[in-house]
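Below is one structure, written out as structure tokens; the observations come after it.
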Amino acid sequence: MSRDAYTDFAHTGPGTLAGRYLRRFWQPVAIAADLPPGHARPIRVMSEDFTLYRGEDGQPHVVAPRCAHRGTQLSTGWVEGDCLRCFYHGWKYDASGQCVEMPAEDASFPPKVRIASYPTEEYLGLVFAYLGEGAAPPLPRYPDFEADGVRENSTYLRSCSYFQNIENALDPVHTAFVHRESGTNFEGLVGVPRMDGEESPWGIEMRGTRPNGKVRVNQFGMPNVLHLALRFGGVWGDTLAWRVPIDDEQHRSFSVHFAPLTGQAADDYRARRAATPRSDDAAIAAIGEAILRGERRVQDLAPDDPDLINVQDYVAQVGQGRLVDRAQDRLGRSDVLVIILRRIWARELQALAEGRPLTAWTRPPGLIATSGA
Amino acid sequence: MSRDAYTDFAHTGPGTLAGRYLRRFWQPVAIAADLPPGHARPIRVMSEDFTLYRGEDGQPHVVAPRCAHRGTQLSTGWVEGDCLRCFYHGWKYDASGQCVEMPAEDASFPPKVRIASYPTEEYLGLVFAYLGEGAAPPLPRYPDFEADGVRENSTYLRSCSYFQNIENALDPVHTAFVHRESGTNFEGLVGVPRMDGEESPWGIEMRGTRPNGKVRVNQFGMPNVLHLALRFGGVWGDTLAWRVPIDDEQHRSFSVHFAPLTGQAADDYRARRAATPRSDDAAIAAIGEAILRGERRVQDLAPDDPDLINVQDYVAQVGQGRLVDRAQDRLGRSDVLVIILRRIWARELQALAEGRPLTAWTRPPGLIATSGA
Amino acid sequence: MSRDAYTDFAHTGPGTLAGRYLRRFWQPVAIAADLPPGHARPIRVMSEDFTLYRGEDGQPHVVAPRCAHRGTQLSTGWVEGDCLRCFYHGWKYDASGQCVEMPAEDASFPPKVRIASYPTEEYLGLVFAYLGEGAAPPLPRYPDFEADGVRENSTYLRSCSYFQNIENALDPVHTAFVHRESGTNFEGLVGVPRMDGEESPWGIEMRGTRPNGKVRVNQFGMPNVLHLALRFGGVWGDTLAWRVPIDDEQHRSFSVHFAPLTGQAADDYRARRAATPRSDDAAIAAIGEAILRGERRVQDLAPDDPDLINVQDYVAQVGQGRLVDRAQDRLGRSDVLVIILRRIWARELQALAEGRPLTAWTRPPGLIATSGA
């Protein structure tokens, strides 16, 4: 396998090296609150289709996308208990993927039919699935996000490779330009930071020192998690965000934000957050694409547009192209963390390809993110 | 030619085996009432484009899609008498495809130019065309649909292979699930039927025996016609329905429904039918696709939604994928008629490939459809 | 290289023979008035992307589409003086493409980075760019369009090869059919003309003699310019129109129309023109595509529909297909100018392929266009 194969982080479909690597980690696939008991939904992750459903008992499950019989999409069927019944001829599968009923067939047939199923767990308001081969490792826990406080989840779709979003997060210099016209949300983060950082037990610790001497620390967890301090509703809190490929040209971000507030302060915060307008994927993408076609200008959006930061990031990331040939890049000193990221990923992909041991990433308590504000 | 080629029923473009077979039969290409005298329309059948027009004398014609001169789409031109004049430079073709006028050329040129034309006949409210090579066989007649009574035509577009719709019709078990929440239209058809049937002179006779012992008989005519009893406006009647490929990933159904009513009963029936809301292809597809994307649920449609049955069938059929690799199927006893269908089709395609005689399908009067209600 | 390569005029991307030929000529890329100072826009010409911007000093510039750093689309950035700053990390380029600032890098890096830039000039209300290799020839001038009078610019998008539009212009026979239901704009141009013409120093002179004996003269300038008499606001004037490929399946026309009016007559004319409704590309294409799908009929548009002529041309040209295999054409005597056009183009492409001298097209004052009305 050529060196090039180890640096292709963007193709993650079944059988790709980056896809095999990502599949060795639990990935969030939905916001838990978006999936009521008794509901099923199609999901697409790393160019593969699946059925996500929540049993009437509340447990989420991920199984194959189609019925084994004649291939109808299982998300259109009925959830019965913790089972899923196909819309076409009523074949019924339990959460392990075992067929347990075929209304128009002899009882001897169902035991012979099984569809794929995947370990699924709900945690921190997200539904996680393990889509790789073999036994799943334990789902990683984040004790600091389990503490007393306010947790919020969010998700968005972005029409480019997940890796462009990861690189964006490892590159806080962009804030000084991409977000320079959205001042309030980055209050105190003034000027172009000098970037620094190194490999950590979890992935990469990055530090940005601003002209005023203040230091902001973000953490990156291999292979695709961010931990950073963000200010929502006027309060600094901690965000974990996963960038998960839908396919090679679009991805979804899933995040949990933790604000360390309790009692009345938490109630007030929740009220402020509830009053904040939210926008949807389609609106963001429509504005972003109009800007990339030259029909609108990002500079013309109102400074208090609630979509502003999301649109700005859309423009910077999707504006590179949906799937970029990184060989064209001209990296500089300020890309130090992007360079480290690519080196770690290439090292891990090469080890995977050659059957050598992979780094066992862990997240020790000392890896904290700070606002630098 | 491998065995596989004989079981590829879904690819029907020019030169494909299934396409060559289907082209040996007259196919409906339009609802007659949708094509006023003097109008022309582009049509696409089995991945080929054609021009359909109706002469000022009322006769429908099917000719090539483009002018021989510089290729402009002929449907945009003018019908003059039973001729069609090109929109670009006025070249005029008669119904046989012969060019008969070129306004800016010498009179010696038109006789040298001819475009393709196809035998076309209007029957039972449908426009049929013979798109195959060689002399056309006589257009098959359906005397029982010509009797005194009320005839209605309908058509719909579905975004999947025509063969998935044919298999759906040979599989009445699906009614117990796909349509289980649309009770009134299938009144009396309660429970999962036990399916039975065999090859007939016309194609396949299928019988479904319900738990209450009642038997419903449907007829399938090779290669792509259905005859079944349906209840419209509260009255059981007979429907003939053709599933005709537009291309390999979408098809159009054309049907004629015959209600055996005359006099006042016919007038009352027509009034009831006229008061029934109809929906269009775009609306059905929009709902169906939203369901397949997981944005809506078929279970949430109102039981009296006039689109319900059509949407349910859309979801079951398009939900298999637009063009399915049937090698993945796990067929059971209840798929007996689907198995017979595939065996007959493969046998005929193999005979066609090897130049052996094909079955001469006929429709004797005894092949009746019954409601089983 | 085969003969066929010399007759492929429709593929104009980088490296194609027709594309190399077209790139030896200045091409209009925008209406000057559509680009305010300080604004940037993405443009696509002959299957290549570029950034068009106008400096704060008013000068237009064309540079590469993406930042050299990490590939973000430069049109989304900020114009500062006559420079362009990238939206992502603030790299700043001057109009020659030289990087002059990298806010987060050492001062030694910018001098090492340069992006492509292209000679750009504003003339007759259009922005022209030279996108070819080597030194640009002088921008051709049209003194008769610089005289005292009223100049108007317009542009439209058409979803087919630019060459189909050029051939359409060399073929005034089409007016008698395509535009036969839009009488007023072609008043006096009655009946099918007899076409005549020959190669000229500029390209092709074409003459259409109508049944009434009147002669209309149009001029074609190689490789893709038209000069013809048109009547706007009730006054005959002269139009120059360039058909410029966006990619192989769509093109944009840019034109300047000159009405020889001054003083009060000019003011009155401007007032009449300002009162004329204009339509946009999207509206024209929506109607045109609905007609090509058979959902509407061009014959049903109102005779005074302001979109009528544009829609009619859309239908005739896009109705040939977006990119036509011209080997299917059956050309006649009335296609004499199309035949001359193709012969000239093939001759030039062959010379280019073989490294022989190309014809040096010039436009002497005697090449005038007449209305023939």
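The values are calculated or read from the model by the stated rules, or taken from the named source; none is laboratory data. Being a predicted model, the structure only gives us computed values, none of them experimental. Positions of Cβ are backbone-derived with ideal geometry, glycine not excepted, and every protein chain shown enters the neighbour counts. Protein only, heavy atoms only, side chains kept; ligands, DNA and RNA dropped before computing areas. Shrake-Rupley method; radii C 1.70, N 1.55, O 1.52, S 1.80 Å.
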### Task
Please enumerate the residues belonging to region A:90-105 that are open to solvent by less than 10 Å² (accessible area, probe 1.4 Å) and touching a Cys at 6+ places or on another chain (Cβ under 8 Å).
A:91, A:93
## Note on the structure
Selection from region C:265-281 of residues among the aliphatic types (A, V, I, L, M) and either within 27 Å of residue C:158 (Cβ to Cβ) or in a loop (DSSP other than H, G, I, E, B) (or both) yields C:274, C:275
### Task
Kindly check whether there is at least one residue in region C:106-115 that is touching a Phe, Trp or Tyr at 6+ places or on another chain (Cβ under 9 Å), among the charged types (D, E, K, R) and closer than 24 Å to residue C:27 by Cβ.
yes
### Task
Could you pull out the residue among A:62, A:127 that is crowded, with 22+ Cβ neighbours inside 10 Å, touching a residue at least 40 places away in the same chain (Cβ under 8 Å), within 19 Å of residue B:291 (Cα to Cα) and within 26 Å of the chain's Cα centre (by Cα)?
A:62
### Query
Which numbered condition trips up residue B:54, out of (1) open to solvent by 40 Å² or more (accessible area, probe 1.4 Å); (2) under 30 Å from residue B:249 (Cα atoms)?
(1)
### Message
Return the residues of region B:22-53 that are farther than 26 Å from residue C:330 by Cα, in a strand (DSSP E or B) and more than 13 Å from chain C (Cβ to nearest Cβ); say none if nothing qualifies.
### Response
B:27, B:28, B:31
### Task
Please find, within region B:79-109, the residue that is farthest from residue C:194 (Cα to Cα) out of those that are at the interface with another protein chain (Cβ under 7 Å from one of its Cβ atoms) and free of Cβ contacts under 8 Å to residues at least 12 places away in the same chain.
B:109
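Which residues, taken from region B:228-243, are open to solvent by less than 50 Å² (accessible area, probe 1.4 Å) and part of a strand (DSSP E or B)?
B:228, B:229, B:230, B:235, B:237, B:238, B:239, B:240, B:241, B:242, B:243
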### Query
Would it be correct to say that residue B:283 is farther than 21 Å from residue B:180 by Cβ and modelled with pLDDT under 95?
yes
### Task
Count, please, the residues in region B:272-318 that happen to be touching a Lys or Arg at 6+ places or on another chain (Cβ under 8 Å) and within 11 Å of another protein chain (Cβ to nearest Cβ).
6
#### Entry: Exclusive hit being in a loop (DSSP other than H, G, I, E, B), of a type in the set (Ser, Thr, Tyr) and open to solvent by 40 Å² or more (accessible area, probe 1.4 Å), set B:108, B:154
B:108
### Task
Report, ordered by the first and then the second residue, all pairs with beta carbons closer than 6 Å, sequence separation of six or more or different chains, a first member in region C:331-353 that is closer than 25 Å to residue C:176 by Cβ, and a second member that is among the charged types (D, E, K, R) and open to solvent by less than 10 Å² (accessible area, probe 1.4 Å).
C:338/C:167; C:338/C:171
### Task
Scan region B:80-92 and give yes if some residue there is over 16 Å from residue C:168 (Cβ atoms), of a type in the set (Phe, Trp, Tyr) and either within 31 Å of the chain's Cα centre (by Cα) or assigned to a strand (DSSP E or B) (or both), otherwise no.
no
### Query
Hey, any hits in region B:353-361 for a residue that's of a type in the set (Lys, Arg), surrounded by 15 or more Cβ atoms within 10 Å (Cβ to Cβ) and farther than 15 Å from residue B:201 by Cα?
no
### Query
Only one of B:259, B:285 is touching a helix residue (DSSP H, G or I) at 6+ places or on another chain (Cβ under 8 Å) and closer than 30 Å to residue A:50 by Cβ; which?
B:285
### Task
Scan region C:140-168 and report the pairs whose first residue is farther than 30 Å from residue C:319 by Cα and whose second residue is of a type in the set (Asp, Glu), with Cβ atoms within less than 9 Å and a gap of 6+ or a chain change.
C:144/C:238; C:145/C:238
### Message
I'd like to check something: does region A:268-280 contain any residue that is within 28 Å of residue C:35 (Cβ to Cβ) and in contact (Cβ under 8 Å) with a residue 12 or more places away in the chain?
### Response
no
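Among the candidates A:131, A:170, A:139, single out the residue that is in contact with a helix residue (DSSP H, G or I) (Cβ under 9 Å, 6 or more places away or on another chain) and more than 20 Å from residue A:337 (Cα to Cα). Quick ask: steps written out before the conclusion?
Values: A:170 fails: more than 20 Å from residue A:337 (Cα to Cα); A:139 fails: in contact with a helix residue (DSSP H, G or I) (Cβ under 9 Å, 6 or more places away or on another chain).
Result of the check over A:131, A:170, A:139: A:131.
Tally time: how many residues in region A:324-344 are in contact with a helix residue (DSSP H, G or I) (Cβ under 7 Å, 6 or more places away or on another chain), open to solvent by less than 50 Å² (accessible area, probe 1.4 Å) and more than 7 Å from chain C (Cβ to nearest Cβ)? Please lay out each step first, then the result.
Residues of region A:324-344 that are in contact with a helix residue (DSSP H, G or I) (Cβ under 7 Å, 6 or more places away or on another chain), as a first pass: A:324, A:331, A:334, A:338, A:341.
Narrowing further to those that are open to solvent by less than 50 Å² (accessible area, probe 1.4 Å): A:324, A:334, A:338, A:341.
Next, from what is left, pick out any that are more than 7 Å from chain C (Cβ to nearest Cβ): A:338, A:341.
Residues meeting the conditions: 2.
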### Task
List the number of the failed condition for residue A:284; all other conditions in (1) farther than 30 Å from residue A:147 by Cβ; (2) open to solvent by 20 Å² or more (accessible area, probe 1.4 Å); (3) outside any loop (DSSP other than H, G, I, E, B); (4) not polar (S, T, N, Q) hold.
(2)
## Note on the structure
Checked against (1) at pLDDT 95 or above; (2) under 21 Å from residue B:169 (Cα atoms); (3) out of contact with any strand residue (DSSP E or B) (no Cβ under 7 Å at 6 or more places or on another chain), residue B:267 satisfies every condition except (2)
## Note on the structure
Matching residues in region A:190-219 (among the aromatic types (Phe, Trp, Tyr) and in a strand (DSSP E or B)) number 0
## Note on the structure
Here the residues within region B:199-227 that are β-branched (Val, Ile, Thr) and open to solvent by 10 Å² or more (accessible area, probe 1.4 Å) are B:209, B:215, B:217
### Failed condition for residue A:321, given (1) in contact (Cβ under 8 Å) with a residue 60 or more places away in the chain; (2) open to solvent by 20 Å² or more (accessible area, probe 1.4 Å); (3) at the interface with chain C (Cβ under 8 Å from one of its Cβ atoms)
(2)
#### Entry: Test result for residue A:181, assigned to a helix (DSSP H, G or I), within 14 Å of chain C (Cβ to nearest Cβ) and within 30 Å of residue A:291 (Cβ to Cβ)
no
#### Entry: Residue under evaluation residue B:249, criteria (1) without any contact (Cβ under 8 Å) to a residue 60 or more places away in the chain; (2) farther than 28 Å from residue B:372 by Cβ; (3) open to solvent by 60 Å² or more (accessible area, probe 1.4 Å), criterion not met
(1)
### Query
Can you find even one residue in region A:141-150 that is of a type in the set (Gly, Ala, Ser), surrounded by 15 or more Cβ atoms within 10 Å (Cβ to Cβ) and within 14 Å of chain B (Cβ to nearest Cβ)?
no
#### Entry: Those residues of region B:343-373 which are in contact with a strand residue (DSSP E or B) (Cβ under 8 Å, 6 or more places away or on another chain) and part of a helix (DSSP H, G or I), in sequence order
B:344
